[in-house]
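One structure is given below, encoded as structure tokens.
The values are calculated or read from the model by the stated rules, or taken from the named source; none is laboratory data. Just so we're clear, the structure is a prediction, and the values are computed from it rather than from any experiment. Every residue, glycine as well, gets a Cβ built from its backbone with ideal geometry; the counts of neighbours run over all protein chains shown.
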Amino acid sequence: MPIVHEGVFRGMVVSKELEEVLLIARMERGRNAAKYEIFLRCYSENGNLTRSAKMAFLNPGTVFAKIQKNPAFKARAKEAFRQSTDNLIGEARRRAFEGVETPVFYKGEKKGTVLKYSDNLLITLIKAFDSRFKDSIAVSSEVKHTLADDAVKSIVDSVYGAAIDITPEQNQKKITHVNPLSK
């Protein structure tokens, strides 16, 4: 179901139906279960965990923790995110196939509209759904590590002199991004 931009709630554009739900939740701030339901509805529309938590009067960190600790809530959050992704794909498809009315101005006055289609969205959709059209890039991690190790060694050599020897194992650092819906 595409998002219908009709209302504004806490500075964020939401559908009219969701705006009514949010206003009711605002009056009932003390009910956590209702807040989490509102979070899931918002999350299914916009796909943004932080924004959805704030719209439901919840701390984003609290929601993140609940997703990690509660398997049932995690499954519902994944489903809400999938729905938001479907909404995005639907909107991209609409803009690619049906186009968007864009105003035309001449000397500061609106003279009419032009229907514009998005070739870039169409290309992106094709790449997403057909593996024959995906961008393929071959990257050798061996080369990356070697270049990184050489760079670190040259910096250490310039600062401390060539007496210190750093092995690639000592240089490797793991940087991870935590996604609450993964695992």
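Just a few scattered comments:
- Condition check for residue 76: modelled with pLDDT of 65 or more and under 29 Å from residue 54 (Cβ atoms): yes
- Complete set of residues in region 44-83 that are among the acidic types (Asp, Glu) and more than 18 Å from residue 34 (Cβ to Cβ): 79
- Per-region count, region 55-73, residues out of contact with any Pro (no Cβ under 7 Å at 6 or more places or on another chain) and either among the aliphatic types (A, V, I, L, M) or part of a helix (DSSP H, G or I) (or both): 13
- Hits in region 103-130 - residues which are surrounded by fewer than 10 Cβ atoms within 10 Å (Cβ to Cβ) and either assigned to a loop (DSSP other than H, G, I, E, B) or of a type in the set (A, V, I, L, M, F, W, C) (or both): 105, 107, 108, 115, 130
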